[in-house]
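The values are calculated or read from the model by the stated rules, or taken from the named source; none is laboratory data. Just so it is clear, the structure is predicted and the values come from calculations on it, not from any experiment. A quick note on method: Cβ atoms are made from the backbone with ideal geometry, for glycine too, and the neighbour counts reach across all protein chains shown.
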Amino acid sequence: MPNYLSPGVYVEEVQAASRPIEGVGTAVAAFVGLAQKGPANTPVMVTNWTQFVASFGDFMEGSYLAHSVYGFFLNGGTTAYIVRIGADGAGAPTARLELPSSTDKGQAAFRVVALDAGATGNDVSVEVGDPGEPGEGVFKLVVTRGSETEVYDNVSLKKGRNNVLTATKTSKLVRLEETAKGDVAPATGTKAMLAGGTSATPARVTPDEYVGNTADRTGFGGLEAVEEITMVAAPDLMALYQRGVIDLEGVKAVQLAIMAHCELMGDRVAILDAPPDYNAQQIKEWRQDKAGYDSKYATLYWPWIKVFDPIAGQAAFVPPSGHMAGIWARSDGERGVHKAPANEIVRGAISLELNLTRAEHDQLNPIGVNCIRTFPGRGIRVWGARTLSSDPAWRYLNVRRLFNYMEESILLGTQWVVFEPNDMDLWERVKRTVGSFLVRTWRDGALFGASPAEAFFVKCDGENNTAESIDAGQLIVDIGVAPVKPAEFVIFRLAQFSGGTSLSE
């Protein structure tokens, strides 16, 4: 409280009684899979297809990651985080080149190895030129790949801060390896391309690489540090299964890890793919007997969709998870997170792996398999919006995602409450803050009720904040909301009506 010692007019800035809660984003996807190039086990944000190609390369044989990301942006996605696994080159030859010594052409001065395993490394060229400042054993090394160029001037093989092996440790294209003792510089004028990379697809990827480690920020563990992610997909899991790298038990292990990650974070939902080449009965048996998943933070879509494959020059079937993530984002932007992301057209889909009948759909929908169906004159549409939970309260996907949205928004929007005096004034301010946010949510159509009183309640008073909880440093706020549920079954009851006149005496 300022002290006023002399007469005059004073102006003070005071805090408002309540602070607004801003809604968090709901349409940020994370994809974990195989790519031609790019940083390994590091979540990289991309906001369009061009950025993905620049960072991770184009479509690749034996991988569905590029197809899924392309489908994500095609269907309305705006932001995605990409985690590249399998980049250690297990089974994939790495391009390399030995630069000849300036004194002995038969001896190599050092070896240049591409950081990206596979054929991508073959695009790297290395040139040795004259240094900017002449000196004994000093040279200039230029590394180029496409539009990327790295220049290391006035370097040598002598120990010190100008050592070429030390200078290139920050390179994003290559790493250098010593091949012989001594400090003889490479021959000036040498210019050559790296060679030896034959495949960008690793021959071995274990479930552990998907799961990763939180401390090392690898695999799914690396996604824990990215708070804004709301959906997670691993489309290349099925590519590895098709190649025999991972069996069905490995598929189940990875998908269980995705669900565990989403449940641990509590603010994202897993989009799972079913195995390929299954009919409706096999999918039902796999879902119930083999997989047996039960999670309110996971969904399953089937069948696979056919899209154009630039690598093969013809159409090919791909898992639908990437396209579904884009549809979630599109539905959120057009209608809101409370709208079930179903009855939406799948952009880019030419046809389906299997055209379902209604009888087959009747068997799959109750067990949480969200089917994609073809309707004459209406195209290919998503025709399911359920989670994999056996709890009826969390049956619908839009309810789960709405609660994720509200929980995260309230969590971030009430950080100012921490360490405030825990008294009745604070209770009223918190009630007004949360209540204002829920009124906006109700007006957006996300809550059921003719009035705010019917749609939600916020309780923060002496009844739920007892002396014991206050002494423990706790502020307890009870919130109840009535989420809208989708009209999954629309029933029109028709009956004959006999019109006429009535006679009376």
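Being at pLDDT 90 or above and among the polar types (S, T, N, Q) is the filter here; which residues of region 7-35 pass it?
THR26 - this is the single residue of region 7-35 that is at pLDDT 90 or above and among the polar types (S, T, N, Q).
For region 357-474, please list each of the strands (runs of 3 or more DSSP E) lying entirely inside it that holds at least 2 residues being of a type outside the set (Val, Ile, Thr), farther than 23 Å from LYS296 by Cβ and assigned by TED's automatic domain parsing to the domain that holds ARG330.
369-375, 379-382
Take the conditions within 19 Å of GLY77 (Cβ to Cβ) and in contact with a His (Cβ under 9 Å, 6 or more places away or on another chain) and apply them to VAL346. Does it pass?
Yes; evaluated as a whole, the condition is true for this residue.
Could you please give the count of residues in region 31-61 that are of a type in the set (A, V, I, L, M, F, W, C), in a loop (DSSP other than H, G, I, E, B) and surrounded by fewer than 16 Cβ atoms within 10 Å (Cβ to Cβ)?
Result for region 31-61: 0.
Identify, please: which residue in region 211-225 is part of a loop (DSSP other than H, G, I, E, B) and in contact (Cβ under 8 Å) with a residue 60 or more places away in the chain and is, among those, surrounded by the most Cβ atoms within 10 Å (Cβ to Cβ)?
It comes out as GLY212.
Test ASP208 against the criterion of being touching a Gly at 6+ places or on another chain (Cβ under 9 Å), farther than 22 Å from VAL318 by Cβ, surrounded by fewer than 16 Cβ atoms within 10 Å (Cβ to Cβ) and touching a residue at least 12 places away in the same chain (Cβ under 8 Å), and give yes or no.
no
Which condition number in (1) closer than 13 Å to PRO20 by Cα; (2) touching a Gly at 6+ places or on another chain (Cβ under 6 Å) is the one that ALA455 fails?
The failed condition is (1).
Could you say whether any residue in region 387-394 is farther than 30 Å from GLY435 by Cα and loosely packed, with under 14 Cβ neighbours inside 10 Å?
Within region 387-394 (the criterion being farther than 30 Å from GLY435 by Cα and loosely packed, with under 14 Cβ neighbours inside 10 Å), the answer is yes, since at least one residue qualifies.
So, in region 126-139, how many residues would count as being part of a strand (DSSP E or B) and surrounded by 18 or more Cβ atoms within 10 Å (Cβ to Cβ)?
Going through region 126-139 one residue at a time, the tally reaches 3.
Residue check: is ALA234 touching a residue at least 60 places away in the same chain (Cβ under 8 Å) and closer than 27 Å to ARG373 by Cα?
Yes: the conditions hold for ALA234.
Which numbered condition trips up GLU488, out of (1) in contact (Cβ under 8 Å) with a residue 40 or more places away in the chain; (2) under 24 Å from VAL24 (Cα atoms)?
Looking at each condition in turn, GLU488 falls short on (2).
Could you check region 214-231 and list, in sequence order, the residues that are closer than 15 Å to PRO39 by Cβ and not hydroxyl-bearing (Ser, Thr, Tyr)?
Selection gives ASP216, ARG217, GLY219, GLY222, LEU223, ALA225, VAL226.
LEU388 versus (1) modelled with pLDDT of 95 or more; (2) farther than 30 Å from ILE283 by Cβ; (3) hydrophobic (A, V, I, L, M, F, W, C): which is the lone unmet condition?
(2)
Considering only region 300-312, I want to know if a residue exists there that is of a type in the set (Phe, Trp, Tyr) and either in contact with a helix residue (DSSP H, G or I) (Cβ under 6 Å, 6 or more places away or on another chain) or free of Cβ contacts under 8 Å to residues at least 24 places away in the same chain (or both).
yes
Would you say TYR278 is surrounded by 15 or more Cβ atoms within 10 Å (Cβ to Cβ), closer than 25 Å to ALA260 by Cβ and over 23 Å from the mean Cα position of the chain (by Cα)?
yes
Inspect all residues belonging to region 411-429 and state whether any of them is more than 38 Å from the chain's Cα centre (by Cα) and polar (S, T, N, Q).
yes
For region 16-28, indicate whether the set of residues that are under 30 Å from LEU426 (Cα atoms), without any contact (Cβ under 8 Å) to a residue 24 or more places away in the chain and not in a helix (DSSP H, G or I) is non-empty.
Yes, the conditions are met somewhere in region 16-28.
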